[in-house]
Amino acid sequence: MEANGLTVSIPEHRLPVSYAPDVVVVGGGASGVAAAIAAARNGAKTLLLEQRGYLGGMGTSALVPAFCPFTDGEKPVVRGIGLDLMERMKAASGEDYLRMHRDRLDWVPIDVEILKRVYDDAVLESGADLLFHSFVDQVLLADDGRSISGIVVGNKSGRSVVQAKLYIDASGDADLAALSGVPFHIGGESGELQPGTMCYLVCNVDKARYDRFLAETGQGNQMPDTVQEAQRNGDLPEGRKRISGLAWLSNSVAGFNFGHVFGIDGTKAEDLTRAAVEGRRLIEMQMRFLRKYVPGFENAHLVHSGDQIGIRETRRIVGDYTLVVDDFLSMRTFEDDIARNAYFIDIHLANAQSAMAIKHLPKGESHGVPYRCMLPQGKSNLIVAGRSVSSDRPVQGSLRVMPNCFAMGQAAGTAAAMAAAEGRDFRGVEVKRLQRLLVEQGAWLGDGKRAGDVVASGGGPLVYEEENDG
Ligand SMILES: Cc1cc2nc3c(=O)[nH]c(=O)nc-3n(C[C@H](O)[C@H](O)[C@H](O)COP(=O)(O)OP(=O)(O)OC[C@H]3O[C@@H](n4cnc5c(N)ncnc54)[C@H](O)[C@@H]3O)c2cc1C
């Protein structure tokens with residue numbers, strides 16, 4: 001059925017300009033939500049565009065069940081807008097939820113319907129405009145080739161152009177950067193990519209009975225013994241020998257990040273289609289496993305699976321600075337830090353025979369994330385926030401999680417508002433002033449840390465398993 005390279009020319013046509021904000025944010029995941037709120041709060045006329053009918057990106061559309069740690073094991077490292085949003089979600093959740101998670105800052109379970117409402121309200125309260133069901137598939141460049149003059153948006157109203165002064169690419173896949181010709185890497189040296197996971201929610205579970213089972217068998221939440229027994233019996237496929245994450249929303253409802261679909265490039269529609277089908281097939285098998293092997297899940301009912309497979313890794317842009325594993329291991333501080341990261345390197349196996357790669361920083365430590373990682377080479381009024389910023393593959397395996405995406409998004413949005421107010425592009429932003437604004441508005445950039453500081457004790461062997469991972 002494939003069309004074997006056939007092409008068709010479409011006639012040139014004129015498109016209306018539908019919006020002309022100061023700042024447009026493409027993508028409403030953790031990075032885009034924080035970027036839009038920061039840009040609007042700092043005075044920019046801001047439009048947030050999202051292809052789905054709700055915000056949250058992987059945390060809602062792919063049902064990723066929990067927020068990764070906001071702390072370095074001792075104190076919150078990601079603060080500001082991200083931490084506020086997470087606390088707002090907690091506060092809006094029911095008594096059952098609060099009893100379990102009120103004081104938690106790490107691995108906080110996501111109540112997906114509450115989070116969607118929190119994001120809607122927070123973005124609209126900031127003064128930003130929202131446009132859902134709108135996909136960006138073309139970037140128009142000015143004659144200089146360096147600046148973007150518009151982006152083409154398709155939705156039920158037709159195709160139109162959004163013309164902004166500044167563009168924030170929070171698409172997770174660096175779509176805007178790729179469409180405007182920014183160089184990028186994808187996956188590892190031989191094209192390997194972290195697998196996708198179709199996450200899901202189950203209800204009608206008995207948590208007390210499940211807790212007794214864990215205590216009796218001496219297993220943690222990832223249930224390695226039970227998963228491996230089922231793999232030996234052919235009741236689960238080979239691959240990872242434990243569950244990645246099981247998050248309890250109440251005593252009877254749990255979210256799962258379990259198992260992998262391999263060989264998926266999240267920038268290809270065909271791969272996403274195969275992953276959706278394979279992911280749902282895998283869930284059906286896992287539901288049979290849970291009912292048969294895991295006390296407390298005998299009557300478990302599958303409520304919902306992700307609207308799409310969860311994608312951990314696609315493009316990484318080439319930016320003004322590429323954050324590399326040595327920066328992570330030596331916990332380096334940079335002149336232009338806009339965030340700090342303490343999450344471990346968490347690279348999921350690229351195929352059923354390979355292993356996880358996990359590397360922690362010491363408790364209480366973190367490294368800086370420089371502003372330059374978000375500045376794509378060769379483009380002046382475009383900034384990238386979220387999991388596709390400029391880093392090597394191991395660092396992407398750490399930076400990619402939602403707390404970091406919030407922090408990078410807040411920085412990108414604040415920088416955009418400054419640039420819009422001063423009639424500058426992103427490289428014209430005075431970084432010291434950006435850092436001051438971020439700290440005044442709640443972000444944490446490392447007490448007493450100075451550019452060039454390194455803490456050279458992050459070496460040592462890779463650890464292969466973890467109680468929870470993303
Ligand atoms: C299975 C899995 C488990 C994970 N576990 C955890 C975990 O436990 N905790 C944690 O914190 N993180 C976890 N992560 C990582 C984290 O969820 C993502 O890396 C993070 O959500 C990335 O945020 P983002 O804002 O960069 O992109 P995304 O969350 O991907 O958001 C991008 C948004 O842009 C929209 N978009 C994309 N392209 C376009 C376009 N062209 N036009 C319009 N809209 C567009 C998308 O619809 C989406 O809403 C996990 C990821 C996966 C896949």
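The values are calculated or read from the model by the stated rules, or taken from the named source; none is laboratory data. Bear in mind that the values here come from a model prediction, so they are computed numbers and not experimental data. Glycine gets a Cβ as well: all are built from the backbone with ideal geometry, and neighbour counts include every protein chain shown. When the accessible area is computed, the model is the full protein with side chains, heavy atoms only, and any ligands, DNA or RNA have been set aside. Shrake-Rupley method; radii C 1.70, N 1.55, O 1.52, S 1.80 Å.
Side notes on the structure shown:
- Every residue from the range 375-392 that is farther than 10 Å from Arg427 by Cα, polar (S, T, N, Q) and more than 16 Å from the ligand (Cβ to nearest atom): Gln377
- Of the set (1) in a strand (DSSP E or B); (2) in contact (Cβ under 8 Å) with a residue 40 or more places away in the chain, all apply to Ser149 but (2).
- The residue pairs whose first member lies in the range 9-27 and is among the hydroxyl-bearing types (Ser, Thr, Tyr), whose second member is open to solvent by less than 50 Å² (accessible area, probe 1.4 Å), and whose beta carbons are closer than 6 Å, counting only pairs six or more residues apart or on different chains, are Ser18/Ser160; Tyr19/Leu47; Tyr19/Val162.
- Here Glu229 clears all of (1) open to solvent by 60 Å² or more (accessible area, probe 1.4 Å); (2) within 16 Å of the ligand (Cβ to nearest atom); (3) assigned to a helix (DSSP H, G or I) except the condition numbered (2).
- Here is the figure for the range 255-273: residues that are more than 11 Å from the ligand (Cβ to nearest atom) and in contact (Cβ under 8 Å) with a residue 60 or more places away in the chain total 3.
- Hits in the range 232-247 - residues which are under 21 Å from Ala350 (Cβ atoms) and part of a strand (DSSP E or B): Gly245
- Per this entry, Asp320 is not counted among residues that are more than 12 Å from the ligand (Cβ to nearest atom), without any contact (Cβ under 8 Å) to a residue 40 or more places away in the chain and surrounded by fewer than 21 Cβ atoms within 10 Å (Cβ to Cβ).
- Residue match in the range 154-164 (condition: under 24 Å from Gln410 (Cα atoms) and part of a strand (DSSP E or B)): yes
- Annotation note: of Gly259, Gly266, Gly296, Gly245, the sole residue that is modelled with pLDDT of 95 or more and surrounded by 21 or more Cβ atoms within 10 Å (Cβ to Cβ) is Gly266.
- Among the residues of the range 179-200, those that are open to solvent by 30 Å² or more (accessible area, probe 1.4 Å) and not in a loop (DSSP other than H, G, I, E, B) comprise Leu179, Phe184, His185, Ile186.
Condition check ((1) touching a strand residue (DSSP E or B) at 6+ places or on another chain (Cβ under 6 Å); (2) more than 10 Å from the ligand (Cβ to nearest atom); (3) open to solvent by 10 Å² or more (accessible area, probe 1.4 Å)) across all residues:
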position	(1), (2), (3)
Pro11	no, yes, yes
Ser18	yes, yes, yes
Val24	yes, yes, no
Lys45	no, yes, yes
Glu50	no, no, yes
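- Enumeration of residues in the range 367-380 that are surrounded by 22 or more Cβ atoms within 10 Å (Cβ to Cβ) and farther than 13 Å from Ile338 by Cβ: Pro376, Lys379
- Flag for Ser354 being open to solvent by 30 Å² or more (accessible area, probe 1.4 Å), farther than 19 Å from Phe67 by Cα and over 19 Å from the mean Cα position of the chain (by Cα): yes
- Residue among Gly172, Gly150 that is of a type outside the set (A, V, I, L, M), open to solvent by less than 30 Å² (accessible area, probe 1.4 Å) and over 24 Å from Met408 (Cβ atoms): Gly150
- Selection over the range 434-470 of residues that are modelled with pLDDT under 65, away from the ligand (no atom under 16 Å from the Cβ), within 25 Å of Cys405 (Cβ to Cβ) and part of a loop (DSSP other than H, G, I, E, B) gives a count of 2.
- Any hit, the range 340-350, residues being part of a loop (DSSP other than H, G, I, E, B), more than 20 Å from Pro403 (Cα to Cα), open to solvent by less than 20 Å² (accessible area, probe 1.4 Å) and not hydroxyl-bearing (Ser, Thr, Tyr): yes
- The residue pairs whose first member lies in the range 95-118 and is within 16 Å of the ligand (Cβ to nearest atom) and at pLDDT 95 or above, whose second member is part of a loop (DSSP other than H, G, I, E, B) and of a type in the set (Val, Ile, Thr), and whose beta carbons are closer than 8 Å, counting only pairs six or more residues apart or on different chains, are Ile110/Val64.
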